[in-house]
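Everything on this sheet refers to the single structure shown next.
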Amino acid sequence: MAAEVVPSSYDVSSEVMLSIKDLKTYFFTYDGVVRALDGVTFSVRKGETIGLVGETGCGKSVTAFSITRLIPDPPGRVYSGSIWFRGSNLLWNIEREAKYKPVRRTVRVNVSRRYGRIKDAQNRLGAIRGKDISMIFQEPTAAMNPVFSIWKQLAESLEIHQMGKIVTALLAAKLPPPEIRRKMVGDLLAAAREPNQPRLREVARQVAQSIGLSTLEPELFYALKGQALDPSRAARTIEQILERVPAKPLQFQYLRMRAHRATLDDSMKALFVKEMKDERSYGFERRKVSARITAFRVKSFWLGLPVIGRLARKSLDEELFWRTILLLENVGIANPVQIARGYPHELSGGMLQRVMISMALAPEPSLLIADEPTTALDVTIQAQILELMNELKRRIGTSIILITHDLGVVAETCDRVAVMYAGVIAEVGDVREIFTHPLHPYTQGLIASLPRLDNPDKKLDSIPGSVPNLIRPPAGCRFHPRCPHVMDRCKVERPPMIQQGAGHAVACWLYQGEEAKDY
């Protein structure tokens, strides 16, 4: 039997977080124009999980990369359409970024790119990408840099998106009076001497909370975990850990400098977001902020000198390292300290996938795009990762676009489903409605190919043929060469999305009704 469809328990808002209208993404190759996306339209509400399903080559990952403007250019470009995210037009001014000229007597198109405008667009997207819109990539080995350690790459993400928050926490942390500090050391030593150390983590958490720095919890815990303790030596270790609070004078000055720089960077990002909301240039205001950033760099250049910089950054680097440990713990990595100090080539595909997931979830984004997030993971870890994503939904209302081939995961996790075929949306609807009453022949074929527990000896159905060549896609409905219900009309006219009940729309000539307006 197919995976049981579990009714959603999330409070999905009516507020539209992401709206995609008539999105077209093309790849301009020597063989011709590959129409990878050719009029994709759907929306994602706040706190909603929508699943993108379909065969390999249907355009699911290209949709994700188009939203974040990460399509490799050349050869690909978002050709037209609109993507609105929380009132910001992510494709604003896209028509001025390139000119297209067909090559006579061929199927090729020459693209003249205006790289200055493309760079401006990338800068604008940088204000949202990674922080408000985060992505879990399908292939973690291609997304990780092999020459940097794991913690360095995680720390870079934290520095870019959470520097103000991190520096504020470091500057606000204060050590208690000596008598209270001695009691803390005594409590930690007592917990560390217990068999199996059942209370050690909790005591370390209490110490971290009283000081006001959450990263002291894992640092104290891993320093004392599983050790045959010499009390005097362990006490010195604890004191050394606590000595990084508060920061030394040079480190304190460096942290204040980074806090000021983070404020300037946030001002620049706010202007970029304002441009996408108002759809007009704020070049003069951006130049003023840029001049302030340049002046600040000149004023504080000595803090970036190699020797001084290493000393000044010490407390910040320690804070970043232990924050990465907390991130790795959240995705179920058992020995995070060892993993954090290692390199990508030392980890398996599943471990790298978990590192990528921790990096994507760290900024607590408003929209999370998960491209096959659990493919390389075993079943128990899959459950942990999906629960972690659902917890983010419950806590801050994160919307999720889940790209997967696993219809069981879709049935248990998603609120709505969008079925893609050959660069277009074939059917959209509530997850329960799609699984119990699939309308499009392609959706019916996908669900019929699932094994069933109530009939284990039944031969699995399959959809004949394969996804068409998108350089020369079929006329009319793109599924008609494989469809068992094909009609003459299907071969010449592309079907519109037809409303078939509340929130359920299908692009098929088998159904009649009003054209769907919002889906």
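Could you list all residues from the range 446-461 that are in contact with a helix residue (DSSP H, G or I) (Cβ under 8 Å, 6 or more places away or on another chain) and either in contact (Cβ under 8 Å) with a residue 24 or more places away in the chain or closer than 25 Å to Val62 by Cα (or both)?
Within the range 446-461, Leu446, Ile447, Leu450 qualify.
Please enumerate the residues belonging to the range 157-205 that are assigned to a loop (DSSP other than H, G, I, E, B), in contact (Cβ under 8 Å) with a residue 60 or more places away in the chain and surrounded by 15 or more Cβ atoms within 10 Å (Cβ to Cβ).
Ala173, Leu175
This table checks each residue for (1) over 35 Å from the mean Cα position of the chain (by Cα); (2) over 27 Å from Val34 (Cβ atoms).
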{"residue": "Pro438", "(1), (2)": "no, yes"}
{"residue": "Asn455", "(1), (2)": "yes, yes"}
{"residue": "Lys458", "(1), (2)": "yes, yes"}
{"residue": "Leu470", "(1), (2)": "no, no"}
{"residue": "Cys490", "(1), (2)": "yes, no"}
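Taking Val298 and the conditions (1) among the β-branched types (Val, Ile, Thr); (2) part of a helix (DSSP H, G or I); (3) surrounded by 13 or more Cβ atoms within 10 Å (Cβ to Cβ), which numbered condition does it fall short on, given that it satisfies the others?
All conditions pass for Val298, except number (3).
Being surrounded by fewer than 13 Cβ atoms within 10 Å (Cβ to Cβ) and either under 30 Å from Ala121 (Cα atoms) or aromatic (Phe, Trp, Tyr) (or both) narrows it down to one residue among Ala270, Ala291, Ala262; which is it?
Ala291
Let me confirm something: among Glu275, Glu346, Glu279, which residue is surrounded by 18 or more Cβ atoms within 10 Å (Cβ to Cβ) and charged (D, E, K, R)?
Glu275
Residues are listed down the side, and each one gets a yes or a no for (1) surrounded by fewer than 20 Cβ atoms within 10 Å (Cβ to Cβ); (2) in the same structural domain as Val289 (by TED's automatic domain parsing):
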site	(1), (2)
Val207	no, no
Leu216	no, no
Tyr222	yes, no
Ile238	no, no
Phe252	yes, yes
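Restricting to the range 336-352, give me the number of residues that are assigned to a loop (DSSP other than H, G, I, E, B) and either small (Gly, Ala, Ser) or at pLDDT 90 or above (or both).
Residues in the range 336-352 being assigned to a loop (DSSP other than H, G, I, E, B) and either small (Gly, Ala, Ser) or at pLDDT 90 or above (or both): 3 in total.
I need a count of the residues in the range 134-146 that are out of contact with any helix residue (DSSP H, G or I) (no Cβ under 8 Å at 6 or more places or on another chain) and surrounded by 19 or more Cβ atoms within 10 Å (Cβ to Cβ).
Qualifying residue count for the region: 0.
Does Ser80 satisfy the criteria of being out of contact with any Gly (no Cβ under 7 Å at 6 or more places or on another chain), crowded, with 18+ Cβ neighbours inside 10 Å, part of a strand (DSSP E or B) and polar (S, T, N, Q)?
In short, no.
Quick check on my filter: what residues within the range 109-133 are in a helix (DSSP H, G or I), touching a residue at least 24 places away in the same chain (Cβ under 8 Å) and surrounded by fewer than 19 Cβ atoms within 10 Å (Cβ to Cβ)?
Residues satisfying the conditions are Arg117, Ile118, Gln122, Asn123, Gly126.
Kindly provide the set of residues from the range 321-335 that are assigned to a helix (DSSP H, G or I) and surrounded by fewer than 17 Cβ atoms within 10 Å (Cβ to Cβ), ordered by number.
Hits for the range 321-335 are Leu326, Glu329.
Being in a helix (DSSP H, G or I), surrounded by fewer than 24 Cβ atoms within 10 Å (Cβ to Cβ) and free of Cβ contacts under 8 Å to residues at least 12 places away in the same chain narrows it down to one of Ala383, Ala411, so name that one.
Checking each option against the conditions leaves just Ala383.
So which residues in the range 483-493 are of a type outside the set (Val, Ile, Thr) and free of Cβ contacts under 8 Å to residues at least 40 places away in the same chain?
Hits for the range 483-493 are Met487, Asp488, Arg489, Cys490, Lys491, Glu493.
Select from the range 354-380 the residues that are assigned to a loop (DSSP other than H, G, I, E, B), under 13 Å from the mean Cα position of the chain (by Cα) and not hydroxyl-bearing (Ser, Thr, Tyr) and list them in ascending order.
Ala362, Pro363, Glu364, Pro365, Glu372, Pro373
Could you tell me whether the range 417-433 includes any residue that is in a helix (DSSP H, G or I), within 26 Å of Lys46 (Cα to Cα) and in contact with an Asp or Glu (Cβ under 8 Å, 6 or more places away or on another chain)?
Yes, because at least one residue in the range 417-433 is in a helix (DSSP H, G or I), within 26 Å of Lys46 (Cα to Cα) and in contact with an Asp or Glu (Cβ under 8 Å, 6 or more places away or on another chain).
Restricting to the range 449-477, and then to whatever is of a type in the set (Gly, Ala, Ser) and exposed (fewer than 15 other Cβ atoms within 10 Å of the Cβ), can you tell me which residue is nearest to Pro496 (Cα to Cα)?
Across the range 449-477, the extreme among qualifying residues is Ala475.
What are the residues in the range 170-198 that are more than 18 Å from Glu329 (Cβ to Cβ) and under 36 Å from the mean Cα position of the chain (by Cα), if any?
Leu170, Leu171, Ala172, Ala173, Lys174, listed by residue number.
The values are calculated or read from the model by the stated rules, or taken from the named source; none is laboratory data. Just so you know, these numbers come straight off a predicted model, no measurement behind them. Cβ: placed from backbone, ideal geometry, glycine included. Neighbour counts: every protein chain shown.
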